[in-house]
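Derivation of every value follows stated rules applied to the coordinates shown; laboratory data play no part. Treat the numbers as computed from the prediction; the structure is a model and nothing was measured. Note that each Cβ is placed from the backbone with ideal geometry, even for glycine, and that neighbours are counted across all protein chains shown.
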Amino acid sequence: MAKKEPFSGTGVALITPFRKQETIDFSKLEELIEYVINSGVDYIVALGTTSEAATMTESERTALLQFIVESVNGRLPIVLGMGSNNTRAVTDAISQTNFDGISGILSVAPYYNKPQQRGLVEHFKSIADVSPVPVILYNVPGRTSCNISAETTLQLASECPNIIGIKEASGNMTQIMEILRRKPASFKVISGDDALTLPMMAMGASGVISVVANVYPKEMSDMVHLAQKGDIKKALPLHYKLLPIINAIFEEGNPSGVKALLEIEGRITNQLRLPLCKVSKTLYNKLRELKLNN
């Protein structure tokens, strides 16, 4: 069997199950990890936005990462979310992190500060210089108020061998196509938007870091693997099958929607930490109907 190319295909941005007391439910997390692995995902993203890592203490994040590494047990690559709006803080954190079992870093653009593009270049170069594993940029201006431009992405791709890809969640297809058109051959463009995964892959993206794959790991992975083979015609029905549920889970924010759907499926308790709240009863019922009809 041919060896899979790292960080291609379907990565799942793992949610963190909480108990009603808001403590981490490690038992449900282990079940979820087994579910997504057995359903065909290609790698796992730990401590990303979908994990609610921003609401955790440092000791909780450490315990969670250690548990994920031990549960995955080398079966799939693990990408660790490590980003900050303080360059010194994130480089220090990288220097102090144990990367045993970790295959890469996913590093979000600095939020709140609204840096210039020149500042973004220097920020990510600093991260690449200290990281012992490959770095994937994460562009999600809807959350950060900071867009990594195509020119900045291409500069980092050409000047930093340790920056091997970008998770693009800008929704700006013109920008994404410009990156795809001019990027080095080995540089990966990864969809950060479940709904745009197939169109992006048709243009040359390598896969997705997916939220809906927490619930539909097989369907998303099947679609992505077909697209990797260039079989868009067979992938398209899966895309349209998933699209209504993808749109619905983001109506009231992430991971509120996907956690509601996971509860409907019977996999977790629908518990979030403030400032995030559960979805409305209207959306919950809509998700239940979409789930039943899917």
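The set of residues in segment 87-142 that are surrounded by fewer than 19 Cβ atoms within 10 Å (Cβ to Cβ), farther than 22 Å from E159 by Cβ and among the β-branched types (V, I, T) contains only T97. Is one or more of the residues making up segment 138-156 under 15 Å from I105 (Cβ atoms) and under 19 Å from the mean Cα position of the chain (by Cα)? The answer is yes, given that some residue of segment 138-156 is under 15 Å from I105 (Cβ atoms) and under 19 Å from the mean Cα position of the chain (by Cα).
Whenever a residue of segment 125-152 is over 23 Å from I78 (Cβ atoms), its partners that are in a helix (DSSP H, G or I) and of a type in the set (K, R), lying with C-beta atoms within less than 8 angstrom and at least six residues away or across chains, give the pairs A150/R182.
A quick yes/no check of all residues on (1) assigned to a loop (DSSP other than H, G, I, E, B); (2) more than 25 Å from S107 (Cβ to Cβ); (3) over 18 Å from the mean Cα position of the chain (by Cα):
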position: I136; (1), (2), (3): no, no, no
position: I179; (1), (2), (3): no, no, yes
position: A195; (1), (2), (3): no, no, no
position: M201; (1), (2), (3): no, no, no
position: A213; (1), (2), (3): no, no, no
position: D222; (1), (2), (3): no, yes, no
position: L226; (1), (2), (3): no, yes, yes
position: K233; (1), (2), (3): no, yes, yes
position: L238; (1), (2), (3): no, yes, yes
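Screening D222 with (1) within 29 Å of Q175 (Cβ to Cβ); (2) touching a strand residue (DSSP E or B) at 6+ places or on another chain (Cβ under 6 Å) gives one miss only, at (2). Scanning segment 39-64 for residues that are exposed (fewer than 14 other Cβ atoms within 10 Å of the Cβ) and either under 12 Å from V12 (Cβ atoms) or among the small types (G, A, S) (or both) yields A54, S59. Scanning segment 255-270 for residues that are surrounded by 18 or more Cβ atoms within 10 Å (Cβ to Cβ) and in contact (Cβ under 8 Å) with a residue 24 or more places away in the chain yields P255, G257, V258, K259, A260, L261, L262, I264, I268. Among the residues of segment 276-294, those identified as of a type in the set (S, T, N, Q) and either touching a helix residue (DSSP H, G or I) at 6+ places or on another chain (Cβ under 7 Å) or part of a helix (DSSP H, G or I) (or both) are T282, N285, N293, N294. Scanning segment 260-275 for residues that are part of a loop (DSSP other than H, G, I, E, B) and closer than 15 Å to V212 by Cα yields E265, R267, I268. Which residue is surrounded by the most Cβ atoms within 10 Å (Cβ to Cβ), if the candidates are limited to segment 211-252 and must be under 14 Å from D194 (Cα atoms) and of a type in the set (S, T, N, Q)? Among them, the one singled out is N214.
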